[in-house]
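Novice: Input: one structure, supplied below.
The values are calculated or read from the model by the stated rules, or taken from the named source; none is laboratory data. What you are looking at is a predicted structure, and each value in this text was computed from that prediction instead of being measured. Here the Cβ positions follow ideal geometry from the backbone for every residue, glycine too, while neighbour counts run over all protein chains shown. Side chains are part of the model used for accessible areas, which takes the heavy atoms of the whole protein and leaves out ligands, DNA and RNA. Shrake-Rupley method; radii C 1.70, N 1.55, O 1.52, S 1.80 Å.
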Protein chains: 2
Amino acid sequence: MNVRATAAVRYRWRWQFGVLVAFALCSAPTVAADVAVVESPEKVLRVTVSINGEGRVGYRVDRLGKPVIGESRLGFIFADAPKFERNFAMVDSTTRSADSTWEQPWGERRFVRDRHNELRVRLRESKAPYPAATAREFTVVFRVFDDGLGFRYEFPDQAALKQVNITDELTEFHLLDAQTAWWIPAGEWNRYEYLYNRTPATEVGQAHTPVTFRMTNGLHVAVHEAALVDYSAMWLRRVEGTRFKATLSPAATGPRVQRTAPFHTPWRSLQIAERAAGLYMSDLILNLNEPNALGDVSWVKPHKYVGIWWSLHLDTETWSSGPKHGATTANARRYIDFAAANGFRSVLIEGWNLGWEADWFANGESFDFTKAYPDFDLEAVAAYGRSKGVRLMGHHETSGFASHYESQLGAALDLSARLGIEAIKTGYVADAGGAKFLDPDGTMRFEWHDGQAMSRHHLKVVTEAARRRIAINPHEPIKDTGLRRTYPNWVAREGARGMEYNAWGSPPNPPEHEANLFFTRMLAGPMDFTPGVLSLVGRNGQKFQSTIAKQLAQYVVLYSPIQMAADLPENYARYPGPFQFIKDVPVDWQDTRVLDGEVGDFVTVARKDRASEDWYIGGVTDEVARSLEISLDFLSPGQRYRARIYRDGDGADWQTNPHAIIIETRMAKQGDRWRIPVAAGGGFAIRLEALQ
Amino acid sequence: MNVRATAAVRYRWRWQFGVLVAFALCSAPTVAADVAVVESPEKVLRVTVSINGEGRVGYRVDRLGKPVIGESRLGFIFADAPKFERNFAMVDSTTRSADSTWEQPWGERRFVRDRHNELRVRLRESKAPYPAATAREFTVVFRVFDDGLGFRYEFPDQAALKQVNITDELTEFHLLDAQTAWWIPAGEWNRYEYLYNRTPATEVGQAHTPVTFRMTNGLHVAVHEAALVDYSAMWLRRVEGTRFKATLSPAATGPRVQRTAPFHTPWRSLQIAERAAGLYMSDLILNLNEPNALGDVSWVKPHKYVGIWWSLHLDTETWSSGPKHGATTANARRYIDFAAANGFRSVLIEGWNLGWEADWFANGESFDFTKAYPDFDLEAVAAYGRSKGVRLMGHHETSGFASHYESQLGAALDLSARLGIEAIKTGYVADAGGAKFLDPDGTMRFEWHDGQAMSRHHLKVVTEAARRRIAINPHEPIKDTGLRRTYPNWVAREGARGMEYNAWGSPPNPPEHEANLFFTRMLAGPMDFTPGVLSLVGRNGQKFQSTIAKQLAQYVVLYSPIQMAADLPENYARYPGPFQFIKDVPVDWQDTRVLDGEVGDFVTVARKDRASEDWYIGGVTDEVARSLEISLDFLSPGQRYRARIYRDGDGADWQTNPHAIIIETRMAKQGDRWRIPVAAGGGFAIRLEALQ
């Protein structure tokens, strides 16, 4: 028969669901009965929990009276116990309202309001899974904000289910009317470094979160998770039509998650906004995380850094020892001088330690995290830095051999602390087939980068570092789920295609890359993108798909409390004008306002310096030249500002004329409306200096 | 940016692939070099194996010079060893031609020709995964026929990889130009009983095989596997665009597959045909299986049976004891009399044994496979049957509690053999969350119905039964991969939506169901669909979406060596005319010819009785009334046939007039062309009796 496919799929799913019910009961399908409802504080969102005739628990979400998430089931499959799917009844439900404001030690904004209504629904099996057994319980908790919601499962302490071995979650997200999706595939590679797919929602396969959807009515929905602790990352897999389900990152051996009750899962989150800008403005992910667990974190220093890095990706210098070795004492001193002269707080030096000779992409057991190469006098370099007020940024590439790293972690961190290192960039290139754990019995486990084992490893590194007052910045990491709130020394991470792809990536990052990242990866948290390569040329002369002005815009658009000036010192010397913005731009903010944007097309964002009354604005476009309008409504009334504007020059174009830039000064006040022309692959950056 | 989605995805995948290469080598992407080629005997198909610059092994398939399967990688991820993905070089390659014909003990055709060319490519790591380790090897073997191909991996005995713990396969199928797909979801439920989705290929999620595709040029491709032994079933998951990858059914604990080298995987199969009919005509799956391992199997008797079954699904009788218990001595005698009077060889009696009182859908430990209910005198019923020349068909519902069944298997089979039972229908309803295995340490494992554990279980039951000369017919089974060739007592199985869905399914099987099954599920092998419910009414008066003539067509269209006459004796008494065809139609065939058909729309198939010169023709349509043309070119020249035609009557329609049927006789000879009108939801059946 010929039927319109999408319609057919939806249609058939309904059939299917009916069938499951029917088969389970050997009776006609049964309808779901609503058992609990909770609305957001301003009644924008409404979550309804239902239980159908076979005892299957589900939820749905309406926004302003219109359904957004259709009936979606909740549940689990276990490795050694009957599944949580049917035969559940509600024991009780409770609601709670919360409205508080908390302060971030650093971030996109200083104060965050946490206003939500909470619904807790306790569920118990209506009959025991076995004649002999006792009925089991679980609780599902919803926290509903006006701009999104989170829900998690809580496993209480109960005799019938002590050790919880989870094969997979049955959690569903039926994204009614989802039209377009921006996503990267999950389950293919031990890394997140993909170009973003933009496809019809019905063409999503299995995706890492955040996944961003645009609905047919223009509504935007981002699916992610919050507070991923001692659990496997949630992937989003499309079942049929626009019905998605959570599936957990696998474990090398055993169930995907092994926990002992009582415990709870991470929050499954849905950010819901009329416009794309609203997704980024939401503080949902941070609000769903636990408060700061580290106490005084004044030792976490947002700052800008430089380092021996770009030359390694250009292959003009090497990580490993030899004639091209980058991490030499002399070279390090040169970078320290450059940092001191230009106000950068730290210097990253990759390839300083022993172990880069082997095929390090796949190995890692040869890495030594306390021993430097002979041509690199670690102590002397650190001392020289201190004499200039410049710290080293530590670097620990593990190649994903997590247990090897853990075996040296204490000594490596102690050494770092003694040298005055405030932050360490870690690396988990794991091309052998996963992150590695050498078990006591001598067997090697190859784990996914985002499975339960790695969620434990990363948190172990972060907490061990916190004890030494050191911040951590992992590359090839586990995804960000807002844990920076609880552990503010987890300052940034990579977890997407960064600048290095412009050096050797095939292709380099496309013009739309920043506009994709902003509305997907950046919804999760800070990214150490390592921006600001003004030379715009990669290995073998590979051309960037960016103008020079866009390189400056990255500092405002792609938030991180630690930002690199990634280019070579000699290249910054060639572009003193644009380099001035990199020296001026702060990395810690009082406030953030997304002015405008469309996923994958363009974005304009304004951020207010945390240390002054100055504002900074950044804008990026894709391969389309545009005239971006910005309204300066956010400026303080009566305050005058001197604007330093860095924008694409006349005839600028990433392909033919990437270095054309106009740097101009004009005055600004609240209410001004400007149109900033941006070139194909271009962008702009503005400093608004509040005048006395 | 706005781009056509599919184009974007393809485009980006190419980008992506480039990136992986680039990242691995830190150099520009490398092109793949062809290292081996093999063509099918008539040069219809051509398989090329390539290795790219990073040592990644791939294959592609051309048909008549046009690419069908684009560059697709091969490889594995292991739980405790570096993956097989990159750094491989070819050691050597060998080719072999084979052309033989073998005889089936029973089947769709008596003689099967196995004509193919084989390519073996031995691959070794170009560098050891660790400095210390030794380079590992594997071999990929392709068998290329003119109508399809299979390939499998062989793991040789080698010191560096003895115990092979497979996390997943990296095997890809890049189905260039795949347009439409017919599929059911995998990973959602411990069963195959779904309605078939017909969607654009780019909207497939994760599917069970066989999955059937139609390409933009009209070519048909079915992806499946052959000889699934001691391994996890292959699911097909779409990655991006029309690029699919194998993913293995999970294990409750541990890696998805655990094997000790030397061993080989099942064959990954691609059936490729111009027209849909060609897919069904292919013997690829059987040819990729090993020859009969049981020796003399004359004791496997293709036959028709009746039984106490439909009444249970109507809920007029019950499996469990009590006032409505169906399996009583008296009722059994009534069915035996009916079978004897109408020439049915066996009688299925469900609910004869103890254990149906508990919530058997989720349990199973209460089942006893040797003890009958008090109101059912097993010995007396069996003896009565023997006195009438009628056997019992055994019935063992396990609820998926596999280890519980195995603990009683020997005794249950011995009892069956003693009672003269020739075939046993087993059942694996596993609604607790999977097939269950109680380990010696007291822990229960919940396994997928098609994981390695269940592939072992099913084969154990089949081989144990063979020792007692008993045939096995599992319901809620593992999928068919052609093992009936090696174990001819594995006569049939369910593994799709059968007749019972017309009793209580919501909805009942749709008009297109048979036309979907024929080109998807039936490509795998025989199905015990339990056809022939002439009353056309389910529970609570639920209306079938079928005419009475189509019920007859099922016997020819949906092949099985054991076919049930599923309706109640009293209903057959109401329709003596149509019932005559059910009595006449054979279940074992000399030859099979698919005359015409389109996936999900309609099919006409002719089969020649193995015991005579008679032919039988069946045809089914979907919800569209059609005039189906059949060409009797396959009849023997000079031979005259008396055709008994059972077709939809004037005004027949599944909704308004399902019982309208015309039964007519006419003469037939080779070359005749007939047009048979079929109603919406209708079909036809023809017996062509060769005259002396």
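Novice: Checking an interface number: how much accessible area is buried between A and B, summed over both chains, with a 1.4 Å probe, in Å² rounded to 100? It would help to have the intermediate numbers written out before the result.
Specialist: On the way: alone 24260 and 24320 Å², together 40920 Å².
Counting protein atoms only, the buried area is about 7700 Å².
Novice: Would you list the membrane-span-like helices of chain A, meaning whole DSSP H runs whose alpha-carbon atoms span at least 24 Å along their axis and whose mean Kyte-Doolittle value is at least -1.0?
Specialist: Once both thresholds are applied, what remains is A:5-25.
Novice: Do any residues of the range B:142-170 lose at least 30 Å² of accessible area when the full set of protein chains is present rather than just their chain alone, and if so which, with a 1.4 Å probe?
Specialist: Those residues are B:167.
Novice: Spelling out what I want: for every residue of the range A:636-643, take phi, set θ = phi - 60°, compute 6.51 cos²θ - 1.76 cosθ + 1.60 (Karplus), and round to whole Hz; glycine and proline get x.
Specialist: Running phi through 6.51 cos²θ - 1.76 cosθ + 1.60 with θ = phi - 60° gives 6, x, x, 7, 9, 10, 9, 9 Hz.
Novice: Mean residue ellipticity at 222 nm from the helices of chain B, using -39,500 (n - 2.57) per DSSP H segment of n ≥ 4 over the full residue count, to the nearest 500 deg cm²/dmol?
Specialist: -5500 deg cm²/dmol
Novice: Which FRET efficiency value, to the nearest 0.05, do you get for residue B:636 and residue B:100 by plugging their Cβ-Cβ distance into 1/(1 + (r/R0)^6) with R0 = 30 Å?
Specialist: After rounding, the FRET efficiency stands at 0.70.
Novice: For label points placed 7 Å from Cα toward Cβ, what is the shortest-first list of nm distances from residue A:439 to its copies?
Specialist: So the label point of residue A:439 gives 1.1 nm to the other copies.
Novice: What does the extension gain come out to for residue A:315 and residue A:439, with contour length at 0.36 nm per residue minus their alpha carbon separation?
Specialist: 41.1 nm
Novice: Which of the residues in the range A:41-78 show a loss of at least 30 Å² in accessible area from their chain by itself to the complete set of protein chains, at a probe of 1.4 Å?
Specialist: SASA drop of 30 Å² or more in the range A:41-78: A:77.
Novice: What whole-number value in Å² describes the accessible area per residue of the range A:178-275 for a 1.4 Å probe? Can you show the working numbers first?
Specialist: On the way: 1650 Å² over 98 residues.
Heavy-atom accessible area per residue stands at 17 Å².
Novice: So who's got an amide H within less than 5 Å of the one on residue A:595, skipping anything under 5 residues away but keeping other chains? H placed 1.01 Å off N, in plane.
Specialist: Sorted by chain and number, the residues that satisfy this are A:604, A:605, A:606.
Novice: Which whole-angstrom value gives the distance between the alpha carbon centres of the range B:157-173 and the range B:69-119?
Specialist: Result: 16 Å between the Cα centres.
Novice: Another question about this same structure. Can you give me the Rg/Rh ratio for chain A, using Cα atoms for both radii and the Kirkwood formula for Rh?
Specialist: Rg/Rh: 0.98.
Novice: While we're looking at this one, here's another question. Starting from the Cα gyration tensor of the range A:528-606, take the square roots of the eigenvalues, sort them a ≥ b ≥ c, and report rounded, prolate or oblate (rounded when a/c is under 1.5, otherwise prolate if a/b is larger than b/c, else oblate).
Specialist: It is oblate, given that a/c is not under 1.5 and a/b is not larger than b/c.
Novice: Continuing with this model, one more query. Zone of residue B:417 (label point 7 Å along Cα→Cβ, backbone N under 16 Å): which residues in the range B:258-301?
Specialist: Hits in the range B:258-301 for residue B:417 at 16 Å: B:294-300.
Novice: Counting only the heavy atoms of the protein chains, how much of residue B:373 is accessible to a 1.4 Å probe, in Å² to the nearest 10?
Specialist: That residue has around 10 Å² of solvent-accessible surface.
Novice: Over the range A:177-218, what is the relative contact order in whole percent, taking alpha-carbon pairs under 8 Å and six or more residues apart?
Specialist: Relative contact order for the range A:177-218 comes out at 57 percent.
Novice: By how many nm would the segment from residue A:692 to residue A:290 lengthen if fully extended, with 0.36 nm per residue of separation less the alpha-carbon distance?
Specialist: Difference between extended and current length: 140.7 nm.
Novice: Return the whole-Å distance between the Cα centroid of the range A:505-520 and the Cα centroid of the range B:592-618.
Specialist: 55
Novice: Given labels modelled 7 Å from the Cα in the Cβ direction, how far is it in nm from residue B:298 to residue A:670?
Specialist: 10.2
Novice: On to the next question. How far is it, in nm, from the label point at residue A:35 to the one at residue A:463 when both lie 7 Å from their Cα along the line to the Cβ?
Specialist: The answer from the label model is 3.4 nm.
Novice: Work out how much length residue A:580 to residue A:134 would gain on full extension: take 0.36 nm times their residue separation and subtract the Cα-Cα distance, in nm to one decimal.
Specialist: Values: separation 446, 0.36 × 446 = 160.56 nm, distance 6.92 nm.
Value of the extension gain: 153.6 nm.
Novice: Taking only C-alpha pairs under 8 Å that are 6+ residues apart, what is the relative contact order of the range A:291-342 in percent?
Specialist: It comes to 27 percent, rounded to a whole number.
Novice: Please work out the C-alpha center-to-center distance from the range A:355-424 to the range A:292-318 and express it in whole Å.
Specialist: What the calculation gives is 13 Å, centre to centre.
Novice: List the residues, sorted by chain then number, that are 5 or more residues from residue B:639 or on another chain and whose placed amide H is less than 5 Å from its amide H.
Specialist: Under 5 Å from the amide H of residue B:639: B:670.
Novice: OK, next. With the other protein chains left in place, how much accessible area per residue, in square angstrom, belongs to the range A:528-573 at a 1.4 angstrom probe?
Specialist: 16
Novice: Could you tell me the calculated FRET efficiency between residue A:64 and residue A:91, based on Cβ-Cβ distance and R0 = 30 angstrom, to the nearest 0.05?
Specialist: Between residue A:64 and residue A:91 the formula returns 0.45.
Novice: Find the all-direction average of the projected area of the Cα convex hull for the range B:189-252, expressing the result in square nanometres with one decimal place.
Specialist: The directionally averaged projection comes out at 5.3 nm².
Novice: Grab the eigenvalues of the alpha-carbon gyration tensor for the protein assembly as shown, scale each by 5, take roots, and send me the semi-axes largest first in whole angstrom.
Specialist: Semi-axis lengths for the protein assembly as shown are 61, 33, 30 Å.
Novice: When the Cα atoms of the range A:54-162 are enclosed in a convex hull and the volume is divided per residue, what value in Å³ results?
Specialist: Working: hull volume 17.1 nm³, N = 109.
Residue-normalised Cα hull volume stands at 157 Å³.
Novice: Distances from residue A:420 to the same position in the other copies: list them in nm, one decimal, shortest first, using label points 7 Å from Cα along Cα→Cβ.
Specialist: 9.8
Novice: What do you get for Rg/Rh over the range A:305-347 if you use C-alpha atoms and the Kirkwood form of Rh? Before the final figure, lay out the partial values.
Specialist: Working: Rg = 10.6 Å, Rh = 10.6 Å.
Using Cα coordinates only, the ratio equals 1.00.
Novice: Once label points are set 7 Å from the Cα along Cα→Cβ at both residue B:275 and residue B:383, what is their separation, rounded to one decimal in nm?
Specialist: It works out to 5.8 nm between the two label points.
Novice: A follow-up question, please. Taking all protein chains as present, what is the carbon and sulfur share of the accessible area of the protein assembly as shown, in % to the nearest whole number, probe 1.4 Å?
Specialist: 50
Novice: Starting from a label point 7 Å past Cα on the Cβ side, list the distances from residue A:577 to the same position in the other copies, nm, shortest first.
Specialist: Values, ascending and in nm: 9.4.
Novice: Something else now. Tell me, what is the percent relative contact order of the range A:534-692, built from C-alpha pairs under 8 Å that lie six or more residues apart?
Specialist: Result for the range A:534-692 is 29 percent.
Novice: What do you get for chymotrypsin sites (Phe, Trp or Tyr not before Pro) in the range A:230-330 restricted to DSSP loop and a cutoff of at most 12 other Cβ within 10 Å of the site's Cβ? Walk me through the numbers on the way to the answer.
Specialist: On the way: sites: A:231, A:235, A:244, A:263, A:267, A:280, A:299, A:305, A:309, A:310, A:319; in loops: A:231, A:299, A:309, A:319.
Filter output for the range A:230-330: empty list.
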